[in-house]
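The values are calculated or read from the model by the stated rules, or taken from the named source; none is laboratory data. Small disclaimer: the values here were computed from a predicted structure and weren't measured. We place every Cβ from the backbone using ideal geometry, glycine too, and count neighbours over all the protein chains shown.
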Amino acid sequence: MSYLNKYTVVANIFTAFNAFAGIIGIVIAINYADTLPYVPLQLIIIGAIFDFLDGFMAKRAPITTNFGVYADSISDVLTFAILPGIMVLQTNLIGSGESGLNGLTPLFIAAFYTISGWLRLVRFATSPTTIYFEGLPSPAAALLIGTCATLSTIPEVSWLFSQDGIVLSIFTIITGLLMTEIVKYPSPKRGQLVDLSLIAVAGLVVLCFVIFPGILTLSMILFISLLYTIFGSLYLLITNKSK
C-alpha cells in the first residue's frame, strides 16, 4: 500500500505530532492558561516545526496520498486556527472591565479568526503554494496572534494591548482578513538565499522562546511577526522586481 512508503509513514508521524501539539495546547489554553501562560504558544511553535518536517518528508515520497493531505489539513486547523482563537477568547483582558468587550463579541472575534484560518488551510490544501503565499500563511498568523494573546495576559506588558481587549481584538480581525487572498506573501519555495536566511533567523528566535520563554523572547517573536505581516508583501514585490 502506497501510504506505507517510508517517507509517507514518517511524514504522517510528524503530522500526528502536530495534531497532538494542537490538542494539548487547546486543553491547556482552556484549563491552565493562568498557571501555564507560555505553553500554548510554545505548542503552536512546536506544531509548526512538525508541520514543516511532515512537508519536508512528504516531498520525498514517490506519490502524494489523500490520507496525508487530509491528516495534515486537520492537524493544521487544530494548531493554527482553533488554538489561537481559543487563546484570544480565553485571555482575561477580553471582556474584562467596564470598557471591555461584552456579551458574545469575544466569541465572535475568536470564531472569525478560526474560520478565517480554516478557509485559508482549505484553500492551501486544494491549491498548493507556488512561489508565494496567497494570503498570510496560517502558521505565521497563529504565531502573531498567539504572541499577542500571550503578551496580553502578562501584567508587565499588558499595556501594549490595553486593558479592555480592543487592541487585541483589532489585531485578531486584521490578521484573519490577511489570511484571505487580498495580500501575497513570500514563500520559501522561491529558493532565494535571502529568504532562507531570514527564515533561519526567525527559526532561531522562536526556538529561543521554546527553550527560554519570557517577555524578551516574546517581544522578539512579536517584532519578527509584525515585520513579516506588515512588510512581507512589499518585500515580495521588491525582490521579484529586482530579479
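Scanning region 82-102 turns up one or more residues that are at pLDDT 95 or above and farther than 17 Å from G165 by Cα. Scanning region 170-214 for residues that are among the polar types (S, T, N, Q), part of a loop (DSSP other than H, G, I, E, B) and either under 18 Å from P40 (Cα atoms) or at pLDDT 90 or above (or both) yields a total of 0. Can you pull out the residues in region 198-226 that are out of contact with any helix residue (DSSP H, G or I) (no Cβ under 7 Å at 6 or more places or on another chain) and surrounded by 17 or more Cβ atoms within 10 Å (Cβ to Cβ)? Listed by number, the list holds a single entry, L198.
On the stretch given as region 32-69, residues that are under 30 Å from C148 (Cβ atoms) and in a helix (DSSP H, G or I) total 18. Scanning region 113-135 for residues that are outside any helix (DSSP H, G or I) and among the polar types (S, T, N, Q) gives S127, T129, T130.
Going by the structure shown, is F17 out of contact with any Asp or Glu (no Cβ under 7 Å at 6 or more places or on another chain), at pLDDT 90 or above and surrounded by fewer than 20 Cβ atoms within 10 Å (Cβ to Cβ)? Here the answer is yes, as F17 does meet what is asked. Pairs meeting the criteria (first residue in region 183-197 and surrounded by 16 or more Cβ atoms within 10 Å (Cβ to Cβ), second residue assigned to a loop (DSSP other than H, G, I, E, B) and modelled with pLDDT of 80 or more, beta carbons under 7 Å, at least 6 apart or on different chains) are V183/G135; V183/L136; Y185/L136; Y185/P137. Taken over region 121-140, the residue count meeting the criterion of being among the aromatic types (F, W, Y) and under 16 Å from the mean Cα position of the chain (by Cα) is 2. When the residues of region 157-182 are filtered to those that are free of Cβ contacts under 8 Å to residues at least 24 places away in the same chain and touching a Cys at 6+ places or on another chain (Cβ under 9 Å), which remaining residue is surrounded by the most Cβ atoms within 10 Å (Cβ to Cβ)? Applying the filter and picking the extreme gives V167.
Looking across region 20-33, the residues that are in contact (Cβ under 8 Å) with a residue 60 or more places away in the chain and not small (G, A, S) come down to I26, I30.
Of the residues examined, Y7 is one that is at pLDDT below 95, outside any loop (DSSP other than H, G, I, E, B) and touching a Lys or Arg at 6+ places or on another chain (Cβ under 8 Å).
One residue is enough: does region 156-165 have a residue meeting the conditions over 14 Å from the mean Cα position of the chain (by Cα) and modelled with pLDDT of 85 or more? I'd like the intermediate steps shown before the answer.
Narrowing region 156-165 to residues over 14 Å from the mean Cα position of the chain (by Cα): 156-165.
Then keep just the ones that are modelled with pLDDT of 85 or more; that gives none.
Scanning region 156-165, I find no residue that is over 14 Å from the mean Cα position of the chain (by Cα) and modelled with pLDDT of 85 or more, so the answer is no.
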